[in-house]
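What follows is a short report on a single structure.
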Amino acid sequence: MSLVLVNHSYKRFTVVEFPSEEDSAGNIPVEIVPTAWLTEDRTQTHWPPSLLPINQLAQREAVVRENWTLHQVNILKYCGK
């Protein structure tokens with residue numbers, strides 16, 4: 001598992017879209033995730049199991065766990081200090 005180390009040169013959060021989740025109307029889901037959840041090459045994000053409170057985990061910048069899945073993403077914007 002490869003993680004991006006967050007330091008002061010990185011923004012804390014990243015706005016990403018999930019192209020593989022596009023629906024029949026052409027809508028692509030967009031989420032704000034902690035930058036630390038991105039893989040080193042920034043093409044995927046770790047995502048917690050659906051039973052966990054994802055918004056709370058993201059706000060707290062939770063540490064990625066082994067049972068989290070990887071999802072292909074496109075980065076739209078970095079934000080936060």
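Each value in this text was obtained by applying a stated rule to the coordinates, not by laboratory testing. A quick note: this is a predicted structure, and the numbers were derived from the prediction, not measured. Positions of Cβ are generated from backbone atoms using ideal geometry, with glycine treated the same way; all protein chains shown enter the neighbour counts.
Quick look at the values:
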{"quantity": "Local electrostatic count at N74 - Lys and Arg +1, Asp and Glu -1, tallied over other residues with Cβ under 12 Å", "calculated": "-2"}
{"quantity": "Lys, Arg +1 and Asp, Glu -1 on Cβ, resulting dipole of the chain about Cα centre, debye, nearest 20", "calculated": "460"}
{"quantity": "Length-normalised contact order for region 32-81 - Cα pairs under 8 Å, 6+ apart - percent", "calculated": "44"}
